[in-house]
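A short write-up of the structure that comes next.
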Amino acid sequence: MVNEIRIVNIKTNEAIVVNRSEGQYILDTMDWDSPSVSPETYRVPYQIGETLLGIVVGTRKPTLTGYVVADLSTEESLGLTWEQYFQRQREKIDDAQEVLDRVLSVFQDVRIEVSGYYLDARITQPVKYSSLEQENNEVMCLFQVDFECYNPLFYADKKTVQLASVNGMFRFPFITTEQSGDEYTVFGEIAQRQSVLVENKGQAPVGCIITVRALGGTVQNPKIYNVNTGDLIAFDGISLDDGDVLIIDTEKGEESAVLHDSSEGEDVSVVGYLTEGSTFLKVEQGSSLYSYEVGEGQQTLLEISLEYTEKYFNFRGM
(Lines give C-alpha, C1' and ligand atoms only; values in the text may rest on other atoms or scores of the structure.)
Protein backbone atom coordinates (compact mmCIF):
# COMPACT_ATOMS: atom_id res chain seq x y z
CA MET A 1 0.00 0.00 0.00
CA VAL A 2 1.42 3.37 -1.05
CA ASN A 3 0.63 6.16 1.42
CA GLU A 4 2.63 9.01 -0.09
CA ILE A 5 3.82 10.06 -3.54
CA ARG A 6 6.08 13.00 -4.35
CA ILE A 7 5.96 14.48 -7.85
CA VAL A 8 8.78 16.78 -8.99
CA ASN A 9 8.81 18.93 -12.13
CA ILE A 10 12.27 18.16 -13.54
CA LYS A 11 12.49 21.52 -15.33
CA THR A 12 11.50 23.84 -12.47
CA ASN A 13 12.26 21.54 -9.52
CA GLU A 14 8.89 22.50 -7.99
CA ALA A 15 7.21 19.60 -6.19
CA ILE A 16 3.94 18.47 -4.62
CA VAL A 17 3.29 15.69 -2.11
CA VAL A 18 0.15 13.57 -2.41
CA ASN A 19 -0.61 11.87 0.90
CA ARG A 20 -3.42 9.64 2.15
CA SER A 21 -3.96 11.49 5.43
CA GLU A 22 -2.59 15.07 5.42
CA GLY A 23 -1.75 18.10 3.33
CA GLN A 24 -3.70 19.80 0.55
CA TYR A 25 -3.35 16.89 -1.89
CA ILE A 26 -5.03 13.71 -0.65
CA LEU A 27 -4.27 10.44 -2.42
CA ASP A 28 -7.28 8.35 -3.42
CA THR A 29 -5.90 5.78 -5.89
CA MET A 30 -2.75 5.25 -7.94
CA ASP A 31 -2.97 2.79 -10.80
CA TRP A 32 0.63 2.08 -11.78
CA ASP A 33 -0.37 0.18 -14.94
CA SER A 34 1.94 -2.48 -16.42
CA PRO A 35 3.93 -2.17 -19.65
CA SER A 36 3.08 -4.47 -22.53
CA VAL A 37 5.60 -7.15 -23.52
CA SER A 38 5.76 -8.38 -27.13
CA PRO A 39 8.14 -11.04 -28.52
CA GLU A 40 10.12 -10.40 -31.69
CA THR A 41 10.51 -13.57 -33.72
CA TYR A 42 11.45 -14.78 -37.19
CA ARG A 43 11.26 -18.04 -39.11
CA VAL A 44 12.85 -19.55 -42.18
CA PRO A 45 11.28 -21.94 -44.71
CA TYR A 46 10.43 -25.36 -43.27
CA GLN A 47 11.27 -24.21 -39.74
CA ILE A 48 9.20 -25.74 -37.00
CA GLY A 49 8.04 -22.97 -34.72
CA GLU A 50 9.83 -19.62 -34.57
CA THR A 51 13.14 -18.23 -33.35
CA LEU A 52 12.99 -15.65 -30.58
CA LEU A 53 15.04 -12.53 -31.33
CA GLY A 54 14.10 -10.57 -28.26
CA ILE A 55 11.23 -8.78 -26.59
CA VAL A 56 9.82 -5.29 -26.92
CA VAL A 57 8.65 -3.65 -23.70
CA GLY A 58 6.03 -0.95 -24.11
CA THR A 59 5.35 2.20 -22.11
CA ARG A 60 3.64 2.46 -18.73
CA LYS A 61 0.53 4.64 -18.27
CA PRO A 62 -0.16 5.33 -14.58
CA THR A 63 -3.27 7.20 -13.42
CA LEU A 64 -3.40 9.24 -10.21
CA THR A 65 -6.72 10.16 -8.59
CA GLY A 66 -6.89 12.43 -5.56
CA TYR A 67 -8.52 15.38 -3.88
CA VAL A 68 -7.46 18.98 -3.42
CA VAL A 69 -8.70 20.02 0.03
CA ALA A 70 -8.94 23.45 1.62
CA ASP A 71 -6.75 22.60 4.66
CA LEU A 72 -7.66 25.89 6.38
CA SER A 73 -5.95 26.22 9.76
CA THR A 74 -7.74 27.26 12.95
CA GLU A 75 -5.78 30.51 13.08
CA GLU A 76 -6.79 31.40 9.51
CA SER A 77 -10.49 30.85 10.26
CA LEU A 78 -10.71 32.96 13.45
CA GLY A 79 -13.05 35.94 13.21
CA LEU A 80 -14.55 34.94 9.85
CA THR A 81 -18.23 34.73 9.07
CA TRP A 82 -19.50 31.49 7.50
CA GLU A 83 -19.58 33.18 4.09
CA GLN A 84 -16.02 34.47 4.52
CA TYR A 85 -14.92 31.07 5.83
CA PHE A 86 -16.21 29.18 2.79
CA GLN A 87 -14.84 31.86 0.45
CA ARG A 88 -11.40 31.52 2.04
CA GLN A 89 -11.55 27.74 1.67
CA ARG A 90 -12.44 28.09 -2.01
CA GLU A 91 -9.45 30.42 -2.46
CA LYS A 92 -7.18 27.85 -0.80
CA ILE A 93 -8.41 25.17 -3.21
CA ASP A 94 -7.96 27.49 -6.20
CA ASP A 95 -4.38 28.31 -5.09
CA ALA A 96 -3.58 24.60 -4.70
CA GLN A 97 -5.02 23.87 -8.16
CA GLU A 98 -2.76 26.54 -9.67
CA VAL A 99 0.28 24.86 -8.11
CA LEU A 100 -0.89 21.47 -9.35
CA ASP A 101 -1.33 22.80 -12.91
CA ARG A 102 2.10 24.42 -12.78
CA VAL A 103 3.93 21.32 -11.56
CA LEU A 104 2.08 18.97 -13.93
CA SER A 105 2.64 20.45 -17.38
CA VAL A 106 2.24 18.65 -20.72
CA PHE A 107 5.44 20.43 -21.83
CA GLN A 108 7.71 19.20 -19.04
CA ASP A 109 8.79 15.85 -17.61
CA VAL A 110 8.10 14.96 -14.01
CA ARG A 111 9.63 12.48 -11.61
CA ILE A 112 7.31 10.35 -9.49
CA GLU A 113 9.04 9.39 -6.23
CA VAL A 114 7.65 6.57 -4.11
CA SER A 115 9.08 4.27 -1.40
CA GLY A 116 12.72 5.04 -2.30
CA TYR A 117 12.19 4.55 -6.06
CA TYR A 118 11.38 6.96 -8.85
CA LEU A 119 9.71 6.87 -12.25
CA ASP A 120 10.15 9.42 -15.05
CA ALA A 121 6.91 10.46 -16.72
CA ARG A 122 4.97 13.14 -18.57
CA ILE A 123 1.28 13.88 -18.30
CA THR A 124 -0.69 13.16 -21.48
CA GLN A 125 -3.30 15.88 -20.96
CA PRO A 126 -3.91 18.73 -18.52
CA VAL A 127 -5.09 17.84 -15.02
CA LYS A 128 -8.78 16.92 -15.06
CA TYR A 129 -11.06 18.32 -12.33
CA SER A 130 -14.53 17.02 -11.54
CA SER A 131 -17.46 19.12 -12.76
CA LEU A 132 -19.88 17.67 -10.18
CA GLU A 133 -20.74 19.94 -7.27
CA GLN A 134 -20.43 17.15 -4.71
CA GLU A 135 -16.85 16.54 -5.93
CA ASN A 136 -15.82 20.14 -6.65
CA ASN A 137 -16.87 22.68 -4.02
CA GLU A 138 -15.51 24.93 -1.27
CA VAL A 139 -14.35 21.90 0.75
CA MET A 140 -12.63 19.65 -1.80
CA CYS A 141 -12.03 19.08 -5.50
CA LEU A 142 -11.57 15.69 -7.15
CA PHE A 143 -8.75 15.55 -9.74
CA GLN A 144 -7.23 12.96 -12.06
CA VAL A 145 -3.82 12.90 -13.74
CA ASP A 146 -2.90 10.58 -16.62
CA PHE A 147 0.82 9.91 -17.11
CA GLU A 148 2.88 8.12 -19.71
CA CYS A 149 6.29 6.68 -18.84
CA TYR A 150 8.31 6.14 -22.00
CA ASN A 151 10.84 4.30 -19.85
CA PRO A 152 8.48 2.09 -17.84
CA LEU A 153 10.99 0.94 -15.21
CA PHE A 154 11.36 2.22 -11.65
CA TYR A 155 14.82 3.51 -10.73
CA ALA A 156 16.54 2.89 -7.42
CA ASP A 157 19.32 5.05 -5.94
CA LYS A 158 22.52 5.47 -7.96
CA LYS A 159 25.48 3.23 -7.20
CA THR A 160 29.14 4.05 -7.82
CA VAL A 161 31.95 1.51 -8.11
CA GLN A 162 35.63 2.53 -8.18
CA LEU A 163 37.78 0.50 -10.56
CA ALA A 164 40.84 2.63 -9.73
CA SER A 165 41.36 5.54 -7.35
CA VAL A 166 44.02 7.84 -5.95
CA ASN A 167 43.40 9.32 -2.50
CA GLY A 168 45.54 12.19 -1.26
CA MET A 169 46.47 11.98 2.41
CA PHE A 170 48.92 14.88 2.86
CA ARG A 171 47.42 17.44 5.23
CA PHE A 172 48.44 20.48 7.20
CA PRO A 173 49.59 20.52 9.90
CA PHE A 174 52.14 17.91 8.81
CA ILE A 175 52.51 15.17 11.46
CA THR A 176 54.67 12.08 11.16
CA THR A 177 53.60 8.78 12.72
CA GLU A 178 55.39 5.74 14.02
CA GLN A 179 54.21 2.16 13.87
CA SER A 180 56.06 -1.06 14.78
CA GLY A 181 59.28 0.88 15.33
CA ASP A 182 59.43 2.15 11.72
CA GLU A 183 58.98 5.83 10.92
CA TYR A 184 56.97 6.59 7.83
CA THR A 185 54.67 9.20 6.29
CA VAL A 186 51.70 8.40 4.04
CA PHE A 187 51.28 10.99 1.30
CA GLY A 188 48.56 9.17 -0.62
CA GLU A 189 46.91 5.87 -1.36
CA ILE A 190 46.54 4.26 -4.79
CA ALA A 191 43.85 1.61 -5.12
CA GLN A 192 44.39 -0.68 -8.10
CA ARG A 193 42.32 -3.76 -8.75
CA GLN A 194 42.69 -6.34 -11.47
CA SER A 195 38.90 -6.58 -11.56
CA VAL A 196 35.96 -5.33 -9.50
CA LEU A 197 32.71 -7.16 -8.79
CA VAL A 198 29.70 -5.10 -9.85
CA GLU A 199 26.24 -6.21 -8.73
CA ASN A 200 23.01 -5.31 -10.48
CA LYS A 201 20.09 -6.57 -8.38
CA GLY A 202 17.55 -4.97 -10.69
CA GLN A 203 15.34 -6.63 -13.28
CA ALA A 204 17.09 -5.43 -16.45
CA PRO A 205 20.59 -4.62 -17.77
CA VAL A 206 21.30 -0.90 -17.36
CA GLY A 207 23.53 1.69 -18.93
CA CYS A 208 26.15 3.49 -16.89
CA ILE A 209 28.41 6.52 -16.71
CA ILE A 210 32.10 5.60 -16.91
CA THR A 211 34.49 8.34 -15.80
CA VAL A 212 38.21 8.07 -16.55
CA ARG A 213 40.46 10.75 -15.04
CA ALA A 214 44.22 11.15 -15.60
CA LEU A 215 46.23 12.22 -12.55
CA GLY A 216 49.84 13.32 -12.50
CA GLY A 217 50.77 11.96 -15.92
CA THR A 218 49.62 10.88 -19.36
CA VAL A 219 47.51 7.84 -20.15
CA GLN A 220 46.67 6.63 -23.63
CA ASN A 221 43.91 4.48 -25.11
CA PRO A 222 41.95 3.32 -22.06
CA LYS A 223 39.85 0.16 -22.27
CA ILE A 224 37.10 -0.94 -19.90
CA TYR A 225 35.60 -4.41 -20.22
CA ASN A 226 33.30 -7.01 -18.68
CA VAL A 227 35.49 -9.96 -17.72
CA ASN A 228 32.56 -12.41 -17.78
CA THR A 229 31.02 -11.54 -21.16
CA GLY A 230 34.03 -10.07 -22.97
CA ASP A 231 32.07 -6.90 -23.86
CA LEU A 232 34.38 -3.91 -24.00
CA ILE A 233 34.67 -0.26 -24.85
CA ALA A 234 38.13 0.76 -26.03
CA PHE A 235 39.76 3.71 -27.79
CA ASP A 236 42.63 4.03 -30.24
CA GLY A 237 44.37 7.37 -30.77
CA ILE A 238 43.32 9.34 -27.70
CA SER A 239 45.55 10.62 -24.91
CA LEU A 240 44.59 11.86 -21.45
CA ASP A 241 47.04 14.31 -19.91
CA ASP A 242 47.08 15.32 -16.26
CA GLY A 243 43.61 16.59 -15.30
CA ASP A 244 41.83 15.40 -18.46
CA VAL A 245 38.55 13.53 -17.97
CA LEU A 246 36.87 11.04 -20.30
CA ILE A 247 33.13 10.58 -19.66
CA ILE A 248 31.33 7.68 -21.36
CA ASP A 249 27.55 7.37 -21.25
CA THR A 250 26.26 3.91 -22.21
CA GLU A 251 22.55 4.47 -21.49
CA LYS A 252 20.35 3.37 -24.39
CA GLY A 253 19.61 6.37 -26.60
CA GLU A 254 22.14 8.56 -24.73
CA GLU A 255 25.37 6.90 -25.91
CA SER A 256 28.33 9.28 -26.01
CA ALA A 257 32.04 9.56 -25.24
CA VAL A 258 33.36 13.05 -24.43
CA LEU A 259 36.92 14.02 -23.54
CA HIS A 260 37.35 17.15 -21.43
CA ASP A 261 40.69 18.78 -22.22
CA SER A 262 41.66 20.56 -18.99
CA SER A 263 44.41 22.62 -20.61
CA GLU A 264 42.12 24.03 -23.31
CA GLY A 265 38.90 23.91 -21.33
CA GLU A 266 37.15 22.19 -24.22
CA ASP A 267 34.90 19.14 -24.54
CA VAL A 268 35.52 16.96 -27.57
CA SER A 269 33.52 13.95 -28.76
CA VAL A 270 35.81 10.91 -29.16
CA VAL A 271 33.22 8.44 -30.41
CA GLY A 272 35.17 8.30 -33.68
CA TYR A 273 38.15 6.82 -31.81
CA LEU A 274 36.30 3.72 -30.64
CA THR A 275 37.97 0.50 -31.73
CA GLU A 276 36.30 -2.15 -33.84
CA GLY A 277 34.29 -4.47 -31.63
CA SER A 278 33.64 -1.82 -28.96
CA THR A 279 30.16 -1.58 -27.48
CA PHE A 280 28.57 0.83 -25.07
CA LEU A 281 28.66 -1.90 -22.46
CA LYS A 282 25.87 -2.31 -19.95
CA VAL A 283 25.85 -3.39 -16.32
CA GLU A 284 24.36 -6.86 -16.66
CA GLN A 285 21.86 -8.36 -14.26
CA GLY A 286 23.45 -10.29 -11.42
CA SER A 287 27.15 -10.12 -10.62
CA SER A 288 29.89 -9.41 -13.16
CA LEU A 289 33.58 -8.60 -13.00
CA TYR A 290 34.74 -5.38 -14.68
CA SER A 291 38.32 -4.38 -15.35
CA TYR A 292 40.42 -1.91 -17.35
CA GLU A 293 43.67 -1.54 -19.28
CA VAL A 294 45.63 1.29 -20.86
CA GLY A 295 47.70 1.21 -24.03
CA GLU A 296 50.53 3.37 -22.70
CA GLY A 297 51.17 5.12 -19.43
CA GLN A 298 50.79 3.94 -15.89
CA GLN A 299 47.59 2.49 -14.47
CA THR A 300 48.49 4.14 -11.16
CA LEU A 301 47.82 7.50 -12.83
CA LEU A 302 44.13 6.80 -13.27
CA GLU A 303 40.88 7.24 -11.48
CA ILE A 304 38.07 5.17 -13.00
CA SER A 305 34.52 5.00 -11.69
CA LEU A 306 31.37 3.30 -12.94
CA GLU A 307 28.00 4.83 -11.95
CA TYR A 308 24.68 3.10 -12.60
CA THR A 309 21.09 2.86 -11.39
CA GLU A 310 19.21 -0.40 -10.89
CA LYS A 311 15.80 -0.63 -12.60
CA TYR A 312 12.67 -2.55 -11.63
CA PHE A 313 9.27 -3.34 -13.15
CA ASN A 314 7.74 -3.28 -9.66
CA PHE A 315 8.88 -1.90 -6.31
CA ARG A 316 8.58 -3.24 -2.78
CA GLY A 317 5.22 -2.42 -1.22
CA MET A 318 3.57 -1.69 -4.58
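The values are calculated or read from the model by the stated rules, or taken from the named source; none is laboratory data. Computed from a prediction, not measured in an experiment: that's the story for all the values here. A quick note on method: Cβ atoms are made from the backbone with ideal geometry, for glycine too, and the neighbour counts reach across all protein chains shown. To get the accessible areas, we keep the full protein, side chains included, count just its heavy atoms, and leave off ligands, DNA and RNA. Shrake-Rupley method; radii C 1.70, N 1.55, O 1.52, S 1.80 Å.
Yes/no per residue for (1) in contact with a Pro (Cβ under 7 Å, 6 or more places away or on another chain); (2) on the phi < 0 side of the Ramachandran plot; (3) of a type outside the set (Val, Ile, Thr):
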residue	(1), (2), (3)
Gln203	no, yes, yes
Asn221	no, no, yes
Asn228	no, yes, yes
Ile238	no, yes, no
Val245	no, yes, no
Ile248	no, yes, no
Tyr273	no, yes, yes
Glu276	no, yes, yes
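When the residues of segment 8-27 are filtered to those that are under 17 Å from Val69 (Cβ atoms) and among the aliphatic types (A, V, I, L, M), the one that is farthest from the chain's Cα centre (by Cα) is Ile26. Evaluated against (1) within 30 Å of Leu306 (Cα to Cα); (2) surrounded by fewer than 18 Cβ atoms within 10 Å (Cβ to Cβ); (3) modelled with pLDDT under 95, Arg122 falls short on exactly one condition, (3). Just one of the listed residues (Glu251, Glu264) is open to solvent by 20 Å² or more (accessible area, probe 1.4 Å), assigned to a loop (DSSP other than H, G, I, E, B) and under 30 Å from Asp31 (Cα atoms), and it is Glu251. With respect to being modelled with pLDDT of 95 or more and over 30 Å from Asp33 (Cα atoms), Thr211 fits the description.
Out of all the residues in segment 79-89, is one or more out of contact with any Gly (no Cβ under 7 Å at 6 or more places or on another chain), part of a helix (DSSP H, G or I) and acidic (Asp, Glu)? Within segment 79-89, one or more residues are out of contact with any Gly (no Cβ under 7 Å at 6 or more places or on another chain), part of a helix (DSSP H, G or I) and acidic (Asp, Glu). Among the residues making up segment 42-56, a single one is among the aromatic types (Phe, Trp, Tyr) and part of a loop (DSSP other than H, G, I, E, B): Tyr46.
Determine if segment 254-261 includes at least one residue that is part of a loop (DSSP other than H, G, I, E, B), under 27 Å from the mean Cα position of the chain (by Cα) and surrounded by fewer than 16 Cβ atoms within 10 Å (Cβ to Cβ). Looking for residues that are part of a loop (DSSP other than H, G, I, E, B), under 27 Å from the mean Cα position of the chain (by Cα) and surrounded by fewer than 16 Cβ atoms within 10 Å (Cβ to Cβ), one finds at least one in segment 254-261, hence yes. Among the residues of segment 29-40, those identified as assigned to a strand (DSSP E or B) and either open to solvent by less than 60 Å² (accessible area, probe 1.4 Å) or in contact (Cβ under 8 Å) with a residue 60 or more places away in the chain (or both) are Met30, Ser38. Restricting the first member to segment 279-292 and to residues that are over 14 Å from Lys252 (Cβ atoms) and open to solvent by less than 50 Å² (accessible area, probe 1.4 Å), and the second to residues that are part of a strand (DSSP E or B) and of a type in the set (D, E, K, R), the beta-carbon pairs closer than 8 Å and six or more apart or on different chains are Gly286/Glu199; Tyr292/Lys223. Just one residue in the set Phe147, Phe154 is modelled with pLDDT of 95 or more, in contact with a Pro (Cβ under 7 Å, 6 or more places away or on another chain) and open to solvent by less than 30 Å² (accessible area, probe 1.4 Å); that residue is Phe147.
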